[in-house]
Amino acid sequence: MHHHAYLWTGPKERFDDEALRRPPHPDPPPAGGRPELIERYRQVAAEFRTSDLPPLETAYWLVKPRLLVRGTWDEAKEAAAWLGERLAEYTPRFAAESDRDTARLARLVDAAAERLRSGADVSYGCYLERPSYLTLAVVTCSPNRASPELPCPCA
């Protein structure tokens, strides 16, 4: 078992485009269906795997391009440390003062280490100024507990 890290920041409006954040349905709309539904399905089918947008289900980061992997670790503690470093890096930009509380951030990192040790994934999101959004995720791989059929991006 190992862990892959992912980071995304961007406009909140782009993050809110949930259709591009979920895998396409396995059954496409019928050929005689509404043209706008068929076009939207084609767009999602073409862009989901290649888009840098965070997936709604954390495990689906594993199907995204390998270049989006920000780090890989065998040890949960090291992956959680990466999360802590990124949280510290972005803390000055957090929109809410309460999100900047260092004790709270330390608890998040400790909880992440425990979850990763158990084989679970970790995903955190936070509003930044302007309004932007930050997502940090560490996904357990080989296999992923939630979606064992998903391939390792580094294989």
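The values are calculated or read from the model by the stated rules, or taken from the named source; none is laboratory data. Keep in mind that what you see is a predicted model, and the values were worked out from it rather than measured. For accessibility, only protein heavy atoms count, side chains too; no ligands or nucleic acids. Shrake-Rupley method; radii C 1.70, N 1.55, O 1.52, S 1.80 Å.
Principal-axis analysis of the Cα atoms of the chain puts helix 76-90 at an angle of about 90° to the longest axis. Only Cα pairs under 8 Å and 6+ residues apart enter the sum, and on that basis the relative contact order of the chain stands at 36 percent. Using a probe radius of 1.4 angstrom, the carbon and sulfur fraction of the accessible surface of the chain is 53%.
Between H25 and S98, full extension at 0.36 nm per residue minus the direct alpha carbon distance yields a gain of 22.5 nm. Computed on protein heavy atoms with a 1.4 Å probe, the accessible areas place W61, W73 in the order W73, W61, largest first. Counting only protein heavy atoms and using a 1.4 Å probe, the accessible area of D16 comes to about 80 Å². When the chain is treated as a Gaussian network with alpha carbon springs shorter than 10 Å, the biggest mean-square fluctuation among P29, P55, P143 belongs to P29.
Residues in segment 38-94 average 53 Å² of solvent-accessible surface per residue, probe 1.4 Å, ligands and nucleic acids excluded. Just to confirm the number: angle between the C-alpha axis of helix 35-47 and the first principal axis of the chain, 0 to 90 degrees, nearest 10? For 35-47 against the chain, the angle is about 40 degrees.
Once C-alpha pairs closer than 8 Å and six or more residues apart are averaged by separation and normalised to the residue number of segment 1-83, the relative contact order reads 48 percent.
Distance between the C-alpha centres of segment 60-139 and segment 21-58: 27 Å, rounded to the whole angstrom.
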